[in-house]
């Protein structure tokens, strides 16, 4: 059963003015629970606007959004509860840190949920551990942390609310390759441990190929497709027509296939490509 569903979701900026623009156009979508979902699309495709509808930051011009089969706009007094259940982390969330200590920053969300102090402390410590934030750092000022540590502290503040759906808008922007890889593994571990649904908005085809189960693709304000990740990347020519690319390793494998090497078509990560090449070498009787 879908945890979140949209029906004819449409959003128009500056409606009735010369600057009117449709940012989301009749999107019909059902998101399942306990999924790691990638969200991709060219700049201006509508993906960020769509994400802001999921937790009620934007109200649809027309259409409906259902969370657990309940229209989130049917009772505006419940929007606060919706935002606890659908957590949204904007790009460069470290700019939103403001408390005296890292602990207080992570605890801010759970505190506003009116949880008891014991439960708040449990959530802060558990989330900090999930994201590799050393316990010693919790009493330090968030502004004394490194860039990567600030990013983790800011994301932890939303994770600590234990939302059913967590939306991360380019969570690895600006991080070096090592920090990027660590962050994505920690996000995936969080998703598995909590059973939540995570929406990973990213411009990196390599990241979504490795870490997501399904892909939601937006193009020109419309939903292009929502399918399993490997099925989406099979549509490489269609993606290129949308201004998107398949992962680089997929292009390399395609070149090898054109040269006569018998390699599977569904190779989108380095690990998959490595195993396929090793299998090919073994088949040819060459030493690995």
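Taken together, the values in this text are just the output of simple stated rules run on the coordinates, not laboratory data. Nothing here was measured: the structure is a model prediction, and the numbers come from that model. FYI the Cβ positions are ideal-geometry reconstructions off the backbone, even for glycines, and counts take in every protein chain you see.
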Quiz item: Which of the residues spanning region 170-210 are over 24 Å from residue 272 (Cβ atoms) and either buried (at least 17 other Cβ atoms within 10 Å of the Cβ) or touching a strand residue (DSSP E or B) at 6+ places or on another chain (Cβ under 9 Å) (or both)?
Solution: 170, 194, 196, 197
Quiz prompt | helices (runs of 4 or more DSSP H) enclosed by region 211-258 - at least 2 residues per element that are touching a strand residue (DSSP E or B) at 6+ places or on another chain (Cβ under 6 Å), buried (at least 17 other Cβ atoms within 10 Å of the Cβ) and in contact (Cβ under 8 Å) with a residue 24 or more places away in the chain | solution = none
Self-check item: Qualifying residue in region 116-135 (condition: surrounded by 18 or more Cβ atoms within 10 Å (Cβ to Cβ) and touching a strand residue (DSSP E or B) at 6+ places or on another chain (Cβ under 8 Å))
Solution: no
